[in-house]
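This report concerns only the one structure given below.
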Amino acid sequence: MPIGTPPRRDPLSAARPDLAVAEHARVCLNPACRAPVGRSEAGLPGLTKGICPICETPYSFAPELSPDTVLKGRYDIVRCLGFGGVGWVYLARDRDMGQSWRVLKGPRNPDDPAVAGGFRTEFEVLLDLDHPNIVKIYDVVRPAHGADRSYLVMEYLDGGSLEELRSGSGPDGTAAAIPIPQALEYTLEILDAMEYLHTKGWLYCDLKPDNVMLSEGRIRLVDFGAARLASDRTTQPWGTPGFEAPEVDASHTTVRSDLYTVAGTLGALTLATSSGRWVSSFSARYADLRSVGLAPEYDPYLRLLARTRAPDPQARFASAAEMRQQAAGVLQQIRSGDHDVPRPHVSTMFSPPTRVFAPQPHPIAATELAAVVSRLPAPRTDPTDAAAGFLNSIGPVAAGELITLLAAAPAPTTEVVHQTIRARLALNDVTHAARLLASLPVPGTTDWRSRWHHGLVHLARGDLAAARSWFDQVYSLLPGEPAARLGYALACEVAGDRDLAAGHYAAVWAADPAAVSAAFGLARVRVGLDQRRAAATVLCSVPDTSTAALRARSCAVQVLLGAPGTVPDLADLVKAGSIAESLSHSLSGREWYLVEKLVMERALAWVQAHGTDAPPAAAGGRPERVLGTALDERALRLAAERVCRLLARHSLDQREREWFIDQANAVRPQTWF
């Protein structure tokens, strides 16, 4: 069910006529007593109203307002909807606003200091807030008979809570996991509200599916009884077990502990496997999360959960905006894979890809690694670095010139060293790059930039296991960044894990048609997995607008024709000829002749292997042809001879010219004259 069409419900159907505080939560209101009261005994239900047998303090655990009560001469109470953490919730009609539905919330037991404090907090918070993803407060009233009991008048939300949605989204109204893309869309709006709260100096503290409502295509946060000022270091925080961060009991709450509850809510919505009320007690370890059985395309989602639920608060996202950016990137990757529609991610972490690494169909050689890593997307300059202004003033220059300019930086900051490392790798000076890396401190808990450069240097040095580990860490810190996933895919490919590399390359390529390096990477690993036709399909999907489009199609021809000395299938040969023909007007003379020579040689090999002079028939009964040449030995030899002599004519190297002439003489048809 998309976020724009939440289920609407009749307000009266949501009302519950007979409500009371659950027995396990009934305790004496006297702070000095707190004895259990109103509990069942001898098979008889507990009383909702009475007197504590220990200290004789009156108690009431039933709604105070009855139907037909009128508040302020304006609000007609219809019935009780339920109760939140600290207050009773009532459904009412607003006489002054055309009988519009309203929700009134009052303290459950105003004589309980904790309840009264929570209600007062909710009142203060909502008066201070105005955000489309936070429930709106319209009025504050006091009933004539209870001068000590205030009521908040809020908007009525007709879509139900996320918990109600999860609880009834399965077959026959049973509980089931909400689709991950849908849950991520909800989460983006939750994080918008969280960011607003945090900038206003408040922490929510008790996010859970019950406290998120749906209405008119938006989510709304409700029940602010547990909210507190971020500066509060005195009062005891409280939340819901299974959702609140582990450090809350031992220390004050923070933005990071608030975000922990976002991950708990997201996990409860998507990792539900039973009809249990809460399904939030999932492991924060990525390795454990993989065991829940989600499809591989949800890998970045699991990494998002793992980081946000990290036991160490410093390992989590530092702000709602930071988490939102990564959650949005994860959603874009998943949506791209689901619908085969690219959804490019605008990154604030990495510069857009400008160069393609390893545009080839064959494996990356060890001697090519430094050049390859130097073409990976570059991290954007850290704006907090002391030399950021100086670095941003440097335009595109050659690696050697860049090293000279960086040597004149005002100070050898971390960013200066990082850019120098990348320049050294571009010059294949891996030794110097490694020395620079060793001069930097050990990366901090969330220092992805230093980890990225560790991955670059170790991969260039051929230390494949270490490189893979570093890139894996970057990807886990930035699961919504296709560039981080691309680096990890490359490390997996070079380490020989073709299956894993294929999945990550495919995801990056599906999400961003500008990430052409991912297309070439996916083609390489598919060739390694003996999936040549799939590899050629990927290469042919590189858009014509890309500067690497011609190179990709030339590689597709090579892939379909196979390695030298092999004989292609007829279908692959014909397909390769068709792709090659599309290049005839785009490649330069020499480049085109090399492609034509390759096709003619493989076509000749096919004819010789099948030992027939009868050309196979194409669709419609006409003889099959490749680049306009019939599949018979004499015709193919003449075509191959012609292209070899053309290559000799275009060659500027004497030895190469002679080699092509020898090739022409060797392939030409034999004659008696």
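All of the numbers you see were taken from the coordinates with simple rules; none came from a lab. In this text the structure is predicted, and so the values were computed from the model without any measurement. Positions of Cβ are generated from backbone atoms using ideal geometry, with glycine treated the same way; all protein chains shown enter the neighbour counts.
Given a cut-off of 24 Å, name the pairs among Lys49/Lys208; Lys72/Lys208; Lys72/Lys200; Lys105/Lys208; Lys49/Lys72 whose C-alpha atoms lie farther apart than that in the structure shown. List each step's numbers first, then the result.
Working: Lys49/Lys208 30 Å; Lys72/Lys208 33 Å; Lys72/Lys200 31 Å; Lys105/Lys208 19 Å; Lys49/Lys72 26 Å.
Too far apart for the 24 Å limit: Lys49/Lys208; Lys72/Lys208; Lys72/Lys200; Lys49/Lys72.
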Taking a straight Cα-to-Cα line shorter than 13 Å from Lys597, and setting aside same-chain aspartates and glutamates fewer than 8 residues away, one finds Glu581, Glu641
Can you tell me the relative contact order of the chain? Whole percent, Cα pairs under 8 Å, sequence separation 6 or more.
-> 7 percent
With contacts defined as alpha carbon pairs under 8 Å and 6 or more residues apart, what's the relative contact order of the range 284-339 in percent?
-> 34 percent
To the nearest 20 debye, what is the magnitude of the charge dipole of the range 345-529 about its Cα centre, counting +1 on the Cβ of each Lys and Arg and -1 on the Cβ of each Asp and Glu?
-> 220 debye
Fewest to most Cβ atoms within 10 Å: Asp312, Asp210, Asp530 sort as Asp530, Asp312, Asp210
Could you give the angle, 0 to 90 degrees to the nearest 10, between helix 464-477's Cα long axis and the longest principal axis of the Cα atoms of the chain?
-> 40 degrees
Extreme residue, positive dipole direction of the chain, given options Ala183, Val626, Ala666 (C-beta unit charges) = Ala666
Computed over the chain: longest principal axis from alpha-carbon atoms vs helix 516-528 long axis, angle to nearest 10 degrees, is 70 degrees
About the Cα centre, charge dipole magnitude for the chain (Lys/Arg +1, Asp/Glu -1 at Cβ), debye | 1080 debye
Normalized C-alpha radius of gyration of the range 345-529, against 2.2 N^0.38 Å?
-> 0.98
Three-way shape label, the range 529-669, alpha-carbon gyration tensor, a/c 1.5 = oblate
For the pair Thr445 and Arg120, what calculated FRET efficiency results from E = 1/(1 + (r/R0)^6), where r is the Cβ-Cβ distance and R0 = 41 Å, to the nearest 0.05?
-> 0.65
Considering Cα pairs under 8 angstrom that are at least six residues apart, work out the relative contact order of the range 345-529 and quote it in whole percent.
-> 22 percent
Calculate how steeply helix 320-339 sits against the longest principal axis of the alpha-carbon atoms of the chain, using the helix alpha-carbon long axis, and give the answer as 0 to 90 degrees to the nearest 10.
-> 50 degrees
Is the range 425-473 best put as rounded, prolate or oblate by its Cα gyration tensor, with a ≥ b ≥ c the root eigenvalues, rounded for a/c under 1.5, and otherwise prolate when a/b is larger than b/c, oblate when not?
-> oblate
For the chain, state the semi-axes of the equivalent ellipsoid (square roots of 5 times the eigenvalues of the alpha-carbon gyration tensor), sorted largest first and rounded to whole angstrom.
-> 67, 30, 20
Please order Ile403, Ile134, Ile54 by the number of other Cβ within 10 Å, starting at the fewest.
-> Ile54, Ile403, Ile134
